[in-house]
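Before any comments, here is the structure.
The values are calculated or read from the model by the stated rules, or taken from the named source; none is laboratory data. Since this is a predicted model, take the numbers as computed values, not measurements. Backbone-built Cβ (ideal geometry, glycine too); neighbour counts: all protein chains shown. Heavy atoms of the whole protein, side chains included, go into the accessibility calculation; ligands, DNA and RNA do not. Shrake-Rupley method; radii C 1.70, N 1.55, O 1.52, S 1.80 Å.
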Amino acid sequence: MRVILLGPPGAGKGTQVSKLTVAINTPSVSSGDLFRQHQKDQTDIGIQAQNYMKRGLLVPDDLTIKMVMEWIDSYTDSDGFLLDGFPRTYPQAVALDEALRQNNEGIDRVLNLKVGIDELINRLSGRIICRNCQRSYHLTYAPPISPGVCNECEGELYEREDDNRDAVQKRLEVYFDETEPLINYYSQKGLLTEISGTGSIEVVAASILDGLVNSTSK
């Protein structure tokens, strides 16, 4: 099954993707993770992406799609995939559909995690990250055992500049502006299922699985 999980920053996509990957036995990836791996390995894609990012430019959609399709094609023994937060924009969605069509494939279901903007701001503005291993914590919902110290590697924890409340609100506004046409695109194709992202991790995970089961039984 080929699935896309959408949702704004702070909706809990990363947590839910890890659970869903196990539940449906399907490989998953985010475009951000792919870019970081390509940059670490200094591949052609990683070098090209770095050149754009160093100049403060967005990585072109065709380069992003190429990277994602290479990842999809690498799983020849799998019947599907799970994309975490990708595509982000309408042009990316159209380009992804075209690339999949060339492989005689298509998206089966798009799940959109919905969380109110006030809740998202509260979640994101309390986030702190380890400088060493990049594990994230939350001052309210998931604090470290020792203040300012990572549980895993004892690295220093810090708040990113774009995680203060003003920056978080701006990021969310940009996200919703970008993704509204994308949501409409998948809705018109009959592929979209809205999932409430509020509640416990277990409750949201159960809702996601219900959304998949119900969509495939129609």
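What the table shows:
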{"read-out": "Leading residue by the ranking (nearest to LYS114 (Cα to Cα)) among those in the range 171-206 that are small (Gly, Ala, Ser) and surrounded by fewer than 18 Cβ atoms within 10 Å (Cβ to Cβ)", "value": "SER196"}
{"read-out": "Residue check for LEU83: surrounded by 14 or more Cβ atoms within 10 Å (Cβ to Cβ) and part of a strand (DSSP E or B)", "value": "yes"}
{"read-out": "Flag if LEU124 is part of a helix (DSSP H, G or I), in contact with a Gly (Cβ under 8 Å, 6 or more places away or on another chain) and in contact (Cβ under 8 Å) with a residue 60 or more places away in the chain", "value": "yes"}
{"read-out": "Residues of the range 154-170 that turn out to be more than 17 Å from SER125 (Cβ to Cβ) and open to solvent by 100 Å² or more (accessible area, probe 1.4 Å), as a count", "value": "2"}
{"read-out": "Tabulated pairs, the range 85-101, first free of Cβ contacts under 8 Å to residues at least 60 places away in the same chain, second in a loop (DSSP other than H, G, I, E, B) and buried (at least 17 other Cβ atoms within 10 Å of the Cβ), C-beta under 6 angstrom, 6+ apart or interchain", "value": "LEU96/PRO87"}
{"read-out": "Breaking point among (1) under 23 Å from ARG171 (Cα atoms); (2) open to solvent by 40 Å² or more (accessible area, probe 1.4 Å), for GLN37", "value": "(1)"}
{"read-out": "Residue within the range 139-153 that is open to solvent by 40 Å² or more (accessible area, probe 1.4 Å), part of a helix (DSSP H, G or I) and farther than 29 Å from ASP210 by Cα present", "value": "no"}
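Residue by residue, here is whether (1) in a helix (DSSP H, G or I); (2) open to solvent by 70 Å² or more (accessible area, probe 1.4 Å); (3) of a type in the set (Lys, Arg) holds:
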residue: LEU5; (1), (2), (3): no, no, no
residue: GLN48; (1), (2), (3): yes, yes, no
residue: ASP77; (1), (2), (3): no, yes, no
residue: ARG88; (1), (2), (3): no, yes, yes
residue: ALA93; (1), (2), (3): yes, no, no
